[in-house]
1. Could you tell me how many of the residues in region 411-444 are outside any strand (DSSP E or B) and farther than 20 Å from GLY160 by Cβ?
2. Under 7 Å between Cβ atoms, at least 6 apart or on separate chains: pull out the pairs that start in region 303-320 with a residue that is in a helix (DSSP H, G or I) and end on any residue that is modelled with pLDDT under 85.
3. Just name the residue that is nearest to SER486 (Cα to Cα) out of those in region 412-460 that are free of Cβ contacts under 8 Å to residues at least 60 places away in the same chain and hydroxyl-bearing (Ser, Thr, Tyr).
4. Can we say THR131 is polar (S, T, N, Q), assigned to a strand (DSSP E or B) and within 19 Å of the chain's Cα centre (by Cα)?
5. Checking the conditions here, which among GLY134, GLY160 is over 16 Å from GLY482 (Cα atoms) and touching a strand residue (DSSP E or B) at 6+ places or on another chain (Cβ under 6 Å)?
6. Could you check TYR195 against (1) outside the structural domain of THR171 (by TED's automatic domain parsing); (2) at pLDDT 90 or above; (3) of a type outside the set (A, V, I, L, M) and say which number it fails?
7. Kindly list the number of the only condition in (1) at pLDDT below 85; (2) closer than 15 Å to GLU483 by Cβ; (3) in a strand (DSSP E or B) that fails for VAL146.
8. Out of (1) of a type in the set (S, T, N, Q); (2) at pLDDT below 90; (3) not assigned by TED's automatic domain parsing to the domain that holds VAL341, what's the single condition that is false for SER224?
Amino acid sequence: MIVNLPVQAEAAEAVVGHVVAVSGSRLSVDLVDDAGTRDSEGEQVRIGDLLRIESPDGSVFGIVQSLRTTSIGTGRDARHTVDIDVFGEMSQDRQHFQRGVSRHPVLGADVRGSTREDLAQIFAPTSNAVTRIGAVHQDRSLPAYVLVDQLLGKHFAVLGTTGSGKSCTVTLILKSILRDHPQGHVILLDPHDEYGQAFGPIAERLTTANIELPYWLLDFEEISSLLIGRGQAGSDAERNILKAAIVEAKKKFIATGESDHVTVDTPVPYRLSELIRAIEAAMGKLDKPDTAAAYMRLVSRIQSLQSDRRYGFMFAGVVVRDSLGAIARRLLRVPVGGRPVTVIDLSGVPSEIVDVVVSVLCRLIFDLAVWNASPRSLPVLVVCEEAHRYVPVDINAGFGPTRRVLARIAKEGRKYGVSLCLVSQRPSELDVSILSQCNTVFALRMNNERDQDFVRAVLPESAQGLIGSLPSLHNQEALVVGEGVSVPMRVRFDNLPPEERPRSATASFSTAWTAEGDGEAVLAATIERWRRQAR
């Protein structure tokens with residue numbers, strides 16, 4: 001993709017200040033008396049503005065983080081000081097910008113405002129693998145881009161309070177990337193059935209009515225949480241019984257002589273009838289009937305799940321076949337067939353097993369990448385909505401296997417071509433070690449002080465001053481920092497047409513409570529869907 005940015009002639013580059021202190025990446029600048037608090041374009045200097053500092057090798061650029069008056073008085077008696085965090089430098093010919101600073105400015109160095117030509121050079125990435133997501137806050141005529149490989153290759157997070165536009169942001173980012181890269185592979189875990197409408201014909205929507213996720217895909221920890229429960233009395237004995245029975249049932253399914261490699265976690269099909277038979281056979285060998293309770297509980301639980309319609313997507317069907325290949329192809333969209341997104345609607349999954357379903361899906365994706373001889377040939381993005389539910393800050397909360405597989409993707413996914421996007425309205429409730437692996441952060445409006453402090457802890461030093469603007473961000477705006485953008489920036493996202501927005505809008509009480517509607521018909525249809533478990 002070729003980036004063309006409109007550039008206008010530079011304004012007079014008047015000196016607006018001089019460096020009076022240098023401390024690491026932070027500079028203090030005294031504005032000159034006749035400039036007051038205005039930059040070279042005649043505009044007021046504000047937090048978030050970019051200033052240019054002259055250096056022997058070219059120009060160093062920094063973001064204004066704070067402004068203050070350091071002496072009492074007015075006019076020439078007042079002393080105005082700004083603090084700047086430097087983030088990059090431009091060559092002397094003003095044609096090449098790069099992040100990082102090789103030589104810091106010296107005391108007394110001239111400081112000028114950034115011209116529109118400077119902004120165009122800074123915000124225009126040199127990489128061709130870029131995608132537009134909106135406009136730069138400093139100049140709405142300048143497009144804001146994300147660097148696709150850096151964004152996806154090193155994970156990213158979308159954080160913001162309820163109603164700040166997280167779902168629309170996720171939709172816009174993904175649709176913008178897929179517009180330029182239509183052969184992508186995106187798997188979106190949708191807990192509230194928001195995204196099916198947003199992606200429309202470019203998405204395969206999987207629900208409990210059409211997804212195939214057979215019980216034999218679950219590893220031992222996942223299946224034991226279903227059949228035994230978590231932390232149940234006497235569960236150790238039941239786990240030992242279940243483990244031996246599963247291995248035996250799996251070996252019965254495959255040909256004799258090919259079962260030496262089979263373990264309790266090998267993704268090999270087995271029949272529930274064989275599992276029950278193995279448990280009952282082991283129970284028949286007991287000397288004391290009173291020790292058979294654990295065996296009987298397991299058999300009863302298996303039969304209960306088989307007959308429960310809510311678990312039909314996992315336990316239904318009499319015929320057991322090896323469908324791992326078909327499941328993987330549908331999940332990963334291979335071939336893409338014009339639908340690069342798989343939206344997995346979790347709203348119909350029984351609440352007690354949502355964590356298990358998320359665990360097995362993420363583990364399946366990651367294991368397929370690990371065992372792929374050339375994993376980078378099929379890179380996959382996993383989007384985890386409501387991420388704080390699965391990787392909470394309390395290590396004793398949530399479902400252990402889900403936390404471990406998401407942590408493994410966060411730490412090792414880059415090597416195997418598995419990228420992670422975490423979406424959360426409560427970043428302070430997210431596991432910090434997992435969130436810190438997201439090298440790009442889209443921070444939307446946040447009013448909660450704990451959330452702001454948490455985001456401040458994971459952002460780079462050069463973006464710290466921007467945190468103060470989080471409570472005042474408008475809808476459709478975000479601070480974007482990290483390796484997925486050329487520089488930390490405040491972005492105004494492009495518009496999404498109403499028909500392409502997620503189903504996450506706040507209900508209009510004033511409208512609904514003004515007009516008389518057919519409430520009885522709505523309730524009747526709702527009850528019918530509830531009873532049929534069909535959305």
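The values are calculated or read from the model by the stated rules, or taken from the named source; none is laboratory data. Small disclaimer: the values here were computed from a predicted structure and weren't measured. Quick reminder, even Gly has a Cβ in these numbers, built from the backbone with ideal geometry, and neighbours come from all protein chains shown.
1. Residues of region 411-444 that are outside any strand (DSSP E or B), as a first pass: 411-417, 425-429, 431-439, 444.
This time we only want the ones that are farther than 20 Å from GLY160 by Cβ, so: 411-417, 433.
Adding up the residues that qualify gives 8.
2. Close Cβ pairs (under 7 Å, with a partner that is modelled with pLDDT under 85) amount to ARG309/GLN533; ARG310/GLN533.
3. Step one: of region 412-460, the residues free of Cβ contacts under 8 Å to residues at least 60 places away in the same chain are 412, 415-418, 426, 428-434, 436, 449-450, 452-454, 456-460.
Pick out the ones that are also hydroxyl-bearing (Ser, Thr, Tyr) and you get 416, 428, 433, 436.
Values: TYR416: 25, SER428: 27, SER433: 24, SER436: 19 Å.
Applying the filter and picking the extreme gives SER436.
4. On the way: polar (S, T, N, Q): yes; assigned to a strand (DSSP E or B): yes; within 19 Å of the chain's Cα centre (by Cα): yes.
The answer is yes for THR131.
5. Numbers: GLY160 fails: touching a strand residue (DSSP E or B) at 6+ places or on another chain (Cβ under 6 Å).
Criteria check complete, one pass: GLY134.
6. (1)
7. Of (1) at pLDDT below 85; (2) closer than 15 Å to GLU483 by Cβ; (3) in a strand (DSSP E or B), only one is false for VAL146: (1).
8. (2)
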